[in-house]
Structure formats: C-alpha cells, structure tokens
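Okay, structure first, notes after.
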Amino acid sequence: MKTLEIIHLRFASDTPQNLVEIIHKYIGAGFEKVEIRIFSNMKLDSDLAVHLMRETDVEDSGASDAGIRLSTLLRDYGMVAHSVWKEWGGLAEGSLREELGRGEREG
C-alpha cells in the first residue's frame, strides 16, 4: 500500500527559500525509502507543504519516522499540521481521462 504524509507549514519569520534549504539539508541526513516533494502555496508566500510518499505494510497506518522528525523540526519555524493518507486504488496514467470521457458519453 502507498501512503502520503502531508506536512503543512505556515511560517511567519523566514523565507520559503531558507526553509526549503533547511528541509533539503535535513533530508540529506538519510531518510528511509521516502519520495519527498516540497510545494509552496500559489497565493500565500508563508505556506509550504512537504509530501512524503512511501510503500508500507497494511498494518503500518501511522506516520513515518521521517515524517515525525521533519514535522518536529519544522515546528521551530511556525504552525505545523501533519496528516497521513493511504492510496485508495490507483488509476493508470490516462485512465482517469478515459473514465471521465466515458461518463460524458454515457450521461
């Protein structure tokens, strides 16, 4: 099963560039097999979202060590919300477009 952890940071006293550098340095410390992506809010310069994607066992439904450590680190810079999501089935690339098209043709 794939999981997605979202760490949302709302900060007040730093810049997104500085925080991204801090996150990259921290990530370089050797996280387990986690794909990490960092997003900034299109309208609020003070918001960052860090996405941690990983494969996990069905029984393991909690946050990863990497997610816990990263959210703890980021609390020093602002308000943090940390959530864990499980993948609900998967659609192959292009199949969503096909499904949407089928609905339009049938409706």
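The values are calculated or read from the model by the stated rules, or taken from the named source; none is laboratory data. Note that this is a predicted model, so its numbers are computed, not measured. Glycine also receives a Cβ, built like all others from the backbone with ideal geometry; neighbour counts cover every protein chain displayed.
Details
- Residue count, region 1-29 (criterion: among the hydroxyl-bearing types (Ser, Thr, Tyr) and within 17 Å of Arg75 (Cβ to Cβ)): 2
- Any hit, region 58-77, residues being modelled with pLDDT of 85 or more and in a strand (DSSP E or B): no
- Flag if Arg10 is under 13 Å from the mean Cα position of the chain (by Cα), in contact (Cβ under 8 Å) with a residue 24 or more places away in the chain and closer than 30 Å to Trp88 by Cα: no
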